[in-house]
Amino acid sequence: MIIQGTHTIAAAPAHVFDRLMEPAFLQQAIPGCEKLEKTGEDEYIAHLKLGIGSIKGSYAGKVRLTDRQPPHKFTMHLQGSGGPGFVKGTSAIELKAEGEATELHYSANVQVGGLIAAVGSRVIEAVAKKLAGEFFLKFSAIVEHDVKPER
Amino acid sequence: MKSGTSNGYFGQALKRVEDPRLIKGIATYVDDLRLPGLLHAAILRSPHAHARILGVKTEAAKNLPGVAGVFTGTDINPACGLVPCASSMPGLKAPRHTMLAGDRVYFVGHPVVVVVAASPAIARDALDLIEVDYDSLPAVTNPEKALEKDSPLTHPDQGTNVAFTWLLANGDVDGLFAQADRVIKQRIVHQRLTPMAIEPRGCVASYHAGEGSLTLWTSTQIPHLLRTLLPGVIGVAENKIRIITPEVGGGFGSKLDLYVEEAMCSHLAMRLGSPVKWIEGRRENAMSTIHGRDQIGDYELAVKNDGTVLAIKARTIADIGSYLQLLTPTIPTLTGLMICGCYKLKAVRFELTGVYTNKMATDAYRGAGRPEATYAIERLMDLAAAELGLDPAKIRQKNFPKPGEFPFQTATGLMYDSGNYQRALKKAQELARWDALLRQREQARQAGRLFGIGLSTYVEICGLGPSKIMAAGGWEWGCVRLEMSGKVTVITGTTPHGQGQETSFAQIVGDRLGVPMEDIVVLRGDTASAHYGRDTYGSRATAVGGTALIMSVDKIIAKAKILAGALLGASAKKIDFRNGRFWVKGKPKNAIDWKRLGQEAYEAKNLPANLEPGLEASSFFEPKNCTYPFGTHIVAVEVERETGDVKIVKYVAVDDCGPQVNPLLVEGQVQGGIAHSLGQVLFERTVYDENGQLLTGEFTDYPMPRARDIPEYVIGSTVTPSPSNPMGVKGVGEAGTIGANPAIANAVMDALAPLGIRHLDLPLLPEKLWRAIEEKTAGRKMKKPRSQS
């Protein structure tokens with residue numbers, strides 16, 4: 001499953017890029033994120049609580065960043081699993097200056113397994129898009145006001 | 001049949017004695033059982049279609065209050081055997097399918113860890129605390145791709161995805177194809193199906209440490225086969241195992257297996273010293289109870305211009321999933337054996353390749369291999385009729401064996417016992433008012449509506465069967481006991497689970513003994529009462545199990561005549577018996593009845609010398625041949641152009657299952673079978689994505705027929721007795737499905753024929769039909785301006 005989208009954020013690419021590398025910012029923006037910790041150079045662990053269609057559950061996952069070229073692009077590798085199944089995916093994220101703002105484009109190739117696939121396959125794409133939308137809405141708000149969250 | 005009474009139960013449409021308890025909700029299913037100290041099992045299943053297990057962390061689950069134990073493959077597999085498969089096929093490659101996955105999972109739903117806890121909720125919560133580290137491996141789900149050289153392997157150590165190859169060849173196929181005027185070719189995909197019994201599987205195991213014996217209650221079709229198979233898996237001797245099958249909410253072949261959960265609960269009950277219950281959830285059922293069908297066939301039929309069929313060729317692939325259940329490899333071979341249908345084909349070549357893929361195993365599902373055969377040959381007959389411009393009914397009649405040609409030897413080597421296919425076809429045409437139906441189609445077509453008529457004439461194999469063709473014997477056992485009170489207890493080794501033999505067997509025995517049905521109890525589904533049996537599948541219970549009862553009744557009557565003679569002062573030869581009464585010839589007024597005989601037989605004070613007390617007899621019946629029920633189904637449908645919806649306008653089924661013990665039960669079986677077919681033809685399909693994820697895991701994604709989808713049926717019958725058993729009965733459990741699939745499909749294809757649509761694979765979902773209609777009609781619209789230019 002390919003999920004892609006474009007969002008405009010009212011801040012310069014360098015600023016957006018920096019914030020995307022900070023777990024504390026991300027944790028606030030990621031829907032259902034209960035924990036996001038840096039565990040090594042470009043490596044994180046995450047704990048999420050999410051509902052996909054009728055399936056609610058907790059997921060633990062690892063995030064790894066590669067191909068990091070600030071402030072233009074990076075690639076994110078995600079591997080998570082929980083009671084309802086697993087998610088595996090790779091997303092390319094590109095940032096482009098659009099005047100004062102940044103146009104962020106992401107394209108993710110996602111594979112889901114287990115219960116999420118068995119009973120959530122009809123809704124998964126819509127849910128993924130909705131979650132991405134929620135993330136960027138919150139992320140934009142944080143970055144635009146640049147209110148650093150409390151640690 | 002000869003009857004000892006004027007009760008005349010045989011042939012009466014009596015209501016089922018089973019129904020009141022089922023309707024009132026007071027019947028006992030496995031999940032209703034409550035035992036002291038009962039623990040509950042829940043199973044963690046693989047979300048991956050193929051992966052290596054790098055590690056399993058169970059500490060957190062073990063520490064959850066209420067958890068009695070958490071077990072992985074390492075804990076359980078060394079103490080248990082493998083899941084048994086009864087199919088013997090030369091060169092069959094079989095993975096060692098253990099109770100829980102070892103270092104590798106190979107289908108979504110593969111059991112990995114089992115938790116036992118004080119309540120089902122705690123057991124389920126504990127599953128969430130288990131961490132399994134998987135390293136995913138490439139999976140294959142398309143059986144044709146699985147045969148390609150660079151395909152991922154379901155079982156890498158086997159070096160191939162081919163499980164077996166099987167060839168059925170008979171007669172001069174090539175010569176007959178050379179003589180043919182035409183060869184009708186069609187590729188047909190028989191989609192994968194999920195049986196979806198309303199009651200999922202479930203079991204309770206209880207170990208009696210003092211005796212070293214085990215009782216297993218399980219929702220199964222085969223308690224006796226389980227008692228034979230379980231010792232090899234859990235290491236308890238056959239005579240220390242008792243299997244009880246309470247009420248079963250639907251089997252359809254899916255409960256004709258020994259499943260890991262049954263063996264594992266038995267093992268855990270022994271290990272933990274407490275009874276263990278496991279009840280399957282609906283989503284579990286969709287992924288880890290066997291699936292049905294899943295064959296792809298390339299079929300060729302050699303025909304003459306006058307409609308005479310000569311020979312048939314098929315190259316088929318059976319996608320059997322990732323491992324072998326009890327009869328997995330056997331099922332698609334039944335397709336080969338029945339591929340000639342009702343027709344006098346002179347030669348056959350059926351090449352079958354069984355292929356492993358990363359999916360749940362397939363096995364018997366309603367019809368078990370025969371529906372694929374009937375669907376293929378009946379589609380081919382329609383395609384042949386269309387190509388040759390012949391009437392679909394006439395081309396069939398032309399190729400039927402005549403009634404005088406039975407027993408009829410088929411090109412596949414079977415001996416059809418008896419038949420009058422012409423009579424069933426004629427009766428169905430009469431009931432359908434065939435000519436009026438043709439006129440209705442003509443009028444509808446003139447008005448631009450998509451109206452179609454479909455026909456199928458089918459024959460199937462039932463009454464399984466002679467022991468030489470069955471893995472563990474095909475006989476059946478039955479016992480009849482006259483109690484001291486004059487009541488009658490019947491014990492059958494078949495295991496009715498919805499077919500209604502508590503009623504029909506009481507009718508058979510009641511007639512022959514001359515005892516009212518109210519005085520008869522039929523016991524089934526408990527290996528402690530029916531010591532031996534071969535259970536219920538393949539529409540065998542009445543033909544084989546009913547006969548064992550008749551044999552037992554006759555033994556009792558013979559003994560009762562000796563006893564009656566002694567009491568009446570005459571030799572047994574001079575005793576007449578009718579209507580449950582015995583008297584000396586010519587002195588009917590001085591008769592004695594079963595009640596008196598029961599008392600005398602067990603009080604045993606007036607027995608003649610050498611006569612044992614009691615009035616009880618048991619028998620094994622070994623059939624010499626299977627039975628071959630047949631019939632004709634006629635369906636009229638209308639397809640909605642704008643939506644692709646199929647509406648059943650008329651449904652006529654004429655089935656010949658021989659003499660009917662209870663026509664109401666026959667009709668119920670036929671109706672249920674047709675409902676299964678409506679599902680298969682119009683809605684149902686089990687879908688795995690290319691990564692092996694099951695996408696049809698519950699009813700929202702796996703549509704099944706509902707009450708509103710079921711049409712009014714016109715059900716009729718003809719009666720052609722079978723020579724295979726004394727009652728002449730043939731069996732009817734699967735007939736509905738076998739006859740209905742091609743009839744409904746042929747009707748829909750007939751409706752679409754004016755648009756130039758030749759064949760569509762099942763299921764004929766509205767979207768598929770709508771797209772096909774759009775494609776053809778859009779093409780027409782485009783062609784029009786071109787022809788004008």
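Taking the range A:11-43 as the range and being within 28 Å of A:ALA118 (Cα to Cα) and touching an Asp or Glu at 6+ places or on another chain (Cβ under 8 Å) as the test, only A:PRO31 passes.
Against the test of being surrounded by fewer than 24 Cβ atoms within 10 Å (Cβ to Cβ), under 30 Å from the mean Cα position of the chain (by Cα) and of a type in the set (A, V, I, L, M), the options B:ALA79, B:ALA118, B:ALA86 yield a single qualifying residue, B:ALA86.
Among the residues of the range A:53-65 satisfying the criterion of being within 21 Å of A:LYS35 (Cα to Cα) and of a type in the set (Ser, Thr, Tyr), which is farthest from the other protein chains (Cβ to nearest Cβ)? Among residues in the range A:53-65 that are within 21 Å of A:LYS35 (Cα to Cα) and of a type in the set (Ser, Thr, Tyr), the one farthest from the other protein chains (Cβ to nearest Cβ) is A:TYR59. One residue is enough: does the range B:264-280 have a residue meeting the conditions under 21 Å from the mean Cα position of the chain (by Cα), surrounded by 24 or more Cβ atoms within 10 Å (Cβ to Cβ) and in a helix (DSSP H, G or I)? For the range B:264-280, residues under 21 Å from the mean Cα position of the chain (by Cα), surrounded by 24 or more Cβ atoms within 10 Å (Cβ to Cβ) and in a helix (DSSP H, G or I): absent.
Taken over the range A:6-55, the criterion of being touching a strand residue (DSSP E or B) at 6+ places or on another chain (Cβ under 6 Å), more than 16 Å from A:SER81 (Cα to Cα) and part of a strand (DSSP E or B) is satisfied by A:THR6, A:HIS7, A:THR8, A:ILE9, A:GLU37, A:LYS38, A:THR39, A:GLU43.
For the range B:538-569, the set of residues classified as among the small types (Gly, Ala, Ser) and surrounded by 17 or more Cβ atoms within 10 Å (Cβ to Cβ) consists of B:GLY538, B:SER539, B:ALA541, B:ALA543, B:GLY545, B:GLY546, B:ALA548, B:SER552, B:ALA560, B:ALA564, B:GLY565, B:ALA566, listed by residue number.
Filtering A:LEU115, A:LEU131, A:LEU95, A:LEU104 for residues that are surrounded by 14 or more Cβ atoms within 10 Å (Cβ to Cβ), in contact with a Gly (Cβ under 6 Å, 6 or more places away or on another chain) and either more than 14 Å from every other protein chain (Cβ to nearest Cβ) or more than 30 Å from A:ASP18 (Cβ to Cβ) (or both) leaves a single hit, A:LEU115. Taking the criterion of being more than 9 Å from chain A (Cβ to nearest Cβ), assigned to a helix (DSSP H, G or I) and among the charged types (D, E, K, R), the residues of the range B:125-147 that qualify are B:ASP125, B:GLU144, B:LYS145.
All conditions in (1) over 30 Å from B:GLY281 (Cβ atoms); (2) within 14 Å of chain B (Cβ to nearest Cβ); (3) within 12 Å of the chain's Cα centre (by Cα) hold for A:ASN109, with the sole exception of (3). Within the range B:673-719, restricting attention to residues that are of a type in the set (S, T, N, Q) and touching a residue at least 12 places away in the same chain (Cβ under 8 Å), the residue that is nearest to the other protein chains (Cβ to nearest Cβ) is B:GLN693. Meeting the requirement of 1 or more residues that are in contact with a helix residue (DSSP H, G or I) (Cβ under 6 Å, 6 or more places away or on another chain) and over 20 Å from B:LEU82 (Cα atoms), the strands (runs of 3 or more DSSP E) wholly within the range B:192-244 are B:202-208, B:213-218.
Checking each residue in the range B:49-73 for being touching a helix residue (DSSP H, G or I) at 6+ places or on another chain (Cβ under 6 Å) and either within 27 Å of B:ASN691 (Cβ to Cβ) or in a loop (DSSP other than H, G, I, E, B) (or both) picks out B:LEU64, B:GLY66.
Please tell me if B:VAL183 is buried (at least 20 other Cβ atoms within 10 Å of the Cβ) and either acidic (Asp, Glu) or over 27 Å from B:TYR702 (Cβ atoms) (or both). In short, no. Would you pick out the residues in the range B:40-50 that are of a type in the set (Gly, Ala, Ser) and within 9 Å of another protein chain (Cβ to nearest Cβ)? Result: B:SER46, B:ALA49.
Residues that are modelled with pLDDT of 95 or more and touching a helix residue (DSSP H, G or I) at 6+ places or on another chain (Cβ under 7 Å) do not occur anywhere in the range B:19-26.
Only a single item in (1) surrounded by fewer than 18 Cβ atoms within 10 Å (Cβ to Cβ); (2) in contact with a strand residue (DSSP E or B) (Cβ under 6 Å, 6 or more places away or on another chain); (3) within 12 Å of another protein chain (Cβ to nearest Cβ) is not met by A:ARG122, and it is number (2). Which residues, counting only those in the range B:525-542, are in a loop (DSSP other than H, G, I, E, B), farther than 22 Å from B:ALA735 by Cβ and touching a residue at least 40 places away in the same chain (Cβ under 8 Å)? Matches in the range B:525-542: B:GLY525, B:THR527, B:ALA528, B:ALA530, B:HIS531, B:TYR532, B:GLY533.
Across the range A:56-65, not a single residue is classified as surrounded by fewer than 18 Cβ atoms within 10 Å (Cβ to Cβ) and outside any strand (DSSP E or B).
Quick grid of which residues meet (1) without any contact (Cβ under 8 Å) to a residue 40 or more places away in the chain; (2) touching a Leu at 6+ places or on another chain (Cβ under 6 Å); (3) under 19 Å from A:TYR106 (Cα atoms):
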position: A:ILE2; (1), (2), (3): no, no, yes
position: A:ALA11; (1), (2), (3): no, no, yes
position: A:LYS35; (1), (2), (3): yes, no, no
position: A:ASP42; (1), (2), (3): yes, yes, yes
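Report whether or not B:THR494 is more than 27 Å from B:THR527 (Cα to Cα), among the hydroxyl-bearing types (Ser, Thr, Tyr) and surrounded by 22 or more Cβ atoms within 10 Å (Cβ to Cβ). No.
Checked against (1) away from chain A (no Cβ under 14 Å); (2) part of a strand (DSSP E or B); (3) of a type outside the set (S, T, N, Q), B:ILE76 passes all but a single condition, namely (2).
Of the residues making up the range B:400-420, those that are in contact with a helix residue (DSSP H, G or I) (Cβ under 8 Å, 6 or more places away or on another chain) and under 20 Å from B:ILE738 (Cβ atoms) number 7. Against the test of being among the aliphatic types (A, V, I, L, M), assigned by TED's automatic domain parsing to the domain that holds B:GLY369 and modelled with pLDDT of 95 or more, the options B:ILE715, B:ILE710 yield a single qualifying residue, B:ILE715. Residue-level analysis places B:LYS561 among those that are free of Cβ contacts under 8 Å to residues at least 24 places away in the same chain and either within 15 Å of B:GLY733 (Cα to Cα) or not assigned by TED's automatic domain parsing to the domain that holds B:PRO371 (or both). The residues in the range B:99-120 that are without any contact (Cβ under 8 Å) to a residue 60 or more places away in the chain and away from chain A (no Cβ under 14 Å) can be counted, and the count is 4. Determine which member of the set B:SER213, B:SER254 is crowded, with 24+ Cβ neighbours inside 10 Å and small (Gly, Ala, Ser). The unique qualifying residue is B:SER254. For the range B:346-368, the tally of residues that are surrounded by fewer than 24 Cβ atoms within 10 Å (Cβ to Cβ) and touching a helix residue (DSSP H, G or I) at 6+ places or on another chain (Cβ under 8 Å) stands at 5.
The values are calculated or read from the model by the stated rules, or taken from the named source; none is laboratory data. Owing to the predicted nature of the structure, the values given are computational and were not obtained by experimental measurement. Every residue, glycine among them, receives a Cβ derived from its backbone with ideal geometry; neighbour counts consider all protein chains shown.
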